[in-house]
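The values are calculated or read from the model by the stated rules, or taken from the named source; none is laboratory data. The structure displayed is predicted, hence computed values, not measured ones. Neighbour counts run over all protein chains shown; Cβ positions are idealised from the backbone, glycine included. Side chains included, ligands, DNA and RNA excluded: accessible areas come from the protein's heavy atoms. Shrake-Rupley method; radii C 1.70, N 1.55, O 1.52, S 1.80 Å.
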Amino acid sequence: NAGVTQTPKFQVLKTGQSMTLQCAQDMNHEYMSWYRQDPGMGLRLIHYSVGAGITDQGEVPNGYNVSRSTTEDFPLRLLSAAPSQTSVYFCASSYSAGPTYFGPGTRLTVT
Amino acid sequence: AQTVTQSQPEMSVQEAETVTLSCTYDTSENNYYLFWYKQPPSRQMILVIRQEAYKQQNATENRFSVNFQKAAKSFSLKISDSQLGDTAMYFCAFITSGTYKYIFGTGTRLKVLA
């Protein structure tokens, strides 16, 4: 198993640009989520999904969209990047009552 | 609101010694899970240890153990025989049973000194 994979590992955007952070897992986990990690803070939940076709907002959803068309993939879209979205982004997946697996993270810089 | 507090931003310990990282949390739920995650410079989040709130026995994983005080809402991590590879950020985290939504503390940066 590859576990949870994220692409890209690094990205630099200009203010106003859009992009999609990719996340995939091959463990057939029903639950997937996106977190952001800022300096001096723990990870904060952006959006999550409890299965294909089902998504919901977390603690800091503004400026981000998600969709879950398959069990394996859970992309995170930034429609109009802002400097406040400069952060490290983690995707995670798990199954019911099981451990959570985190991806390696994407470092995003918005200038 | 549910919160997780780690009051020690940074700590250091000599190699082979023991160190304890503190964590307190606040929740009105009765069924939940507590975790300690390690984040080395590689950024990868690595699960260190997990505790189910309904279990009174403290969880242990090799050199890592917890002191879970449910009434006090305290969940500290003890690292015995510290090794240089233990140098990392350590995050305490909490999940209400059935929600899958983590709430993380702000982390403790641990440095193990040779």
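Miscellaneous remarks
- Subset of the stretch A:62-78 (residues that are under 20 Å from A:Tyr31 (Cα atoms) and open to solvent by 50 Å² or more (accessible area, probe 1.4 Å)): A:Asn65, A:Ser69, A:Glu72, A:Asp73, A:Arg77
- Some residue of the stretch A:82-94 being more than 10 Å from chain B (Cβ to nearest Cβ), in contact (Cβ under 8 Å) with a residue 60 or more places away in the chain, among the aromatic types (Phe, Trp, Tyr) and exposed (fewer than 15 other Cβ atoms within 10 Å of the Cβ): no
Yes/no matrix, rows are residues, columns are (1) in contact with a strand residue (DSSP E or B) (Cβ under 6 Å, 6 or more places away or on another chain); (2) open to solvent by 10 Å² or more (accessible area, probe 1.4 Å); (3) modelled with pLDDT of 95 or more:
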| position | (1), (2), (3) |
| --- | --- |
| A:Leu21 | yes, no, yes |
| A:Asn28 | no, yes, no |
| A:Arg36 | yes, yes, yes |
| A:Met41 | no, yes, no |
| A:His47 | yes, yes, yes |
| A:Ser80 | no, yes, yes |
| A:Gly98 | no, yes, no |
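- Members of the stretch B:47-58 that are more than 8 Å from every other protein chain (Cβ to nearest Cβ) and closer than 13 Å to B:Tyr90 by Cα: B:Val48, B:Ile49
- Whichever residue in the stretch B:5-21 is in contact (Cβ under 8 Å) with a residue 60 or more places away in the chain and part of a loop (DSSP other than H, G, I, E, B) and, among such residues, is nearest to B:Ser80 (Cα to Cα): B:Thr18
- Scanning the stretch B:6-35 for residues that are within 16 Å of the chain's Cα centre (by Cα) and either farther than 20 Å from B:Phe64 by Cα or of a type in the set (Phe, Trp, Tyr) (or both) yields a total of 5.
- Checking B:Thr18, B:Thr27 one by one, the residue that is more than 12 Å from chain A (Cβ to nearest Cβ), closer than 30 Å to A:Gly3 by Cβ and among the hydroxyl-bearing types (Ser, Thr, Tyr) is B:Thr27 and no other.
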